[in-house]
Amino acid sequence: MFDSLSRQIKDAKKIVFVTGAGISQESGIPTFRGKDGLWRKYDSMQLATIDAFYEDPKLVWEWYEERRTNILAAKPNAGHFAISELAKFKEVIVLTQNIDGLHQRSGSRHVLELHGSIIRIKCTVCDFKDNITTSFDSLPPKCKCGNILRPDVVWFGEGLPQDVWDEAISHAQTCDVMIIAGTSLVVSPANTLPLYAKQNGAVLIEVNPEKTVMSSEMDLSVRETSANALPKLVELVSTG
Ligand code: NAD
């Protein structure tokens, strides 16, 4: 599956993963695009915006509470575990668009959450921010200061945390191999990370059962699910 690039992969010192919703699909967490992207009659992408939140905070919170319950009950899959296993052999950094925390729960230690975390909740006005794993009694939940709480995620139209983004670019620019798994690469600016890697001469490998908008830029496209393909990468690297 990775044979055509086995030498480059084995010789790589630093491997950076760029991951998206698809890597958690086999953990039972729906992606945004495709038929899974519809929640009741709403389009997920229309709900993940600051405008939708202020227009109907209860509705958006109901959607998040359902997702939070699902995510907290989910378990990392073989794709997540393969990435954490690979770190025994290489320097591995995970740049994830996911907000589900499954990379960390599978044991990966160097994870940058580009789009925040659904577990972390923050106040829309004061400095309050905390990890909350229980469900809320009434929606939208309120902060002690009296204002509405929100998930600490980056919604469409919002900027990424600058320090996280700067660090992500720096890792993309210094890797030997970048593996792009489970992302449609349509969300900006995360979709520019492969370009930073390519400018530095890194090998680009995509793991996705479907073609993406950047497939033609890849050195290799593995048309498999991540839980199927990524353990084979560990096999390759661990056999020297
Ligand atoms: P996306 O929904 O746009 O695309 C998912 C991609 O994963 C598709 O290209 C699809 O072909 C691929 N895919 C589906 N199943 C796969 C599998 N088993 N293995 C490998 N690939 C598979 O997701 P995106 O590119 O991450 O962008 C959407 C945005 O949605 C992101 O900003 C992300 O924060 C957010 N999101 C996150 C989660 C999560 O945290 N799990 C879930 C849904 C959406």
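DSSP assigns beta bridges within the range 1-154; of those with both partners inside it, close to 55 percent run antiparallel.
The length gained by stretching the chain between His110 and Gln8 to full extension, at 0.36 nm per residue less their Cα-Cα distance, is 34.5 nm.
For the chain, hydrophobic long helices are taken as DSSP H runs at least 15 Å long by C-alpha position along their axis with mean Kyte-Doolittle hydropathy of 1.0 or more; none is present. Annotation: aspartates and glutamates with alpha-carbon distance below 13 angstrom to Lys211 (same-chain offsets under eight excluded): Glu224.
Fully extending the segment from Thr124 to Ala73, taken as 0.36 nm per residue of separation minus the present Cα-Cα distance, adds 15.7 nm. When you restrict to C-alpha pairs under 8 Å that are six or more residues apart and normalise by the size of the chain, the relative contact order lands at 26 percent. If R0 is taken as 22 Å, the Cβ-Cβ distance between Phe156 and Arg40 corresponds to a FRET efficiency of 0.70. With a ≥ b ≥ c taken as the square roots of the eigenvalues of the C-alpha gyration tensor of the range 76-117, please select rounded if a/c is under 1.5 and otherwise prolate if a/b is larger than b/c or oblate if it is not? Oblate, since a/c reaches 1.5 and b/c is not below a/b. For Leu160, Leu38, Leu233, the sequence from fewest to most other C-beta atoms within 10 Å is Leu38, Leu160, Leu233. In whole angstrom, note down how far apart the Cα centers of the range 83-160 and the range 214-237 are. Value for the Cα centre distance between the two parts: 27 Å.
Counting only Cα atoms, the chain measures 58, 34, 30 Å along its principal axes, largest extent leading.
Normalised by the number of residues in the range 122-169, what is the relative contact order in percent for Cα pairs under 8 Å and 6+ residues apart?
35 percent.
Within straight-line reach of Lys58, meaning a Cα separation under 29 Å, sit the following lysines at least 8 residues removed in sequence or on another chain: Lys35, Lys41, Lys75, Lys122, Lys129, Lys142, Lys144.
Taking label positions 7 Å along the Cα-Cβ direction at both Asn147 and Asp163, the computed distance is 2.1 nm, reported to one decimal. Cβ-to-Cβ counts within 10 Å put Cys126, Cys175 in ascending order as Cys126, Cys175, the fewest first. With springs only between Cα atoms under 10 Å apart, run a GNM on the chain and tell me which of Gly159, Gly79, Gly146 wobbles the most. Checking each option, the largest mean-square fluctuation is seen for Gly146.
The mean sequence separation of alpha-carbon pairs under 8 Å and at least six residues apart, normalised by the residue count of the range 87-223, gives a relative contact order of 16 percent.
Just so you know, all these numbers are worked out from the coordinates, no wet-lab data involved. Given the structure is predicted, the values throughout are model-derived calculations rather than measurements. Methodologically, a virtual Cβ is constructed for each residue, glycine included, from the backbone with ideal geometry; neighbour enumeration extends over all protein chains shown.
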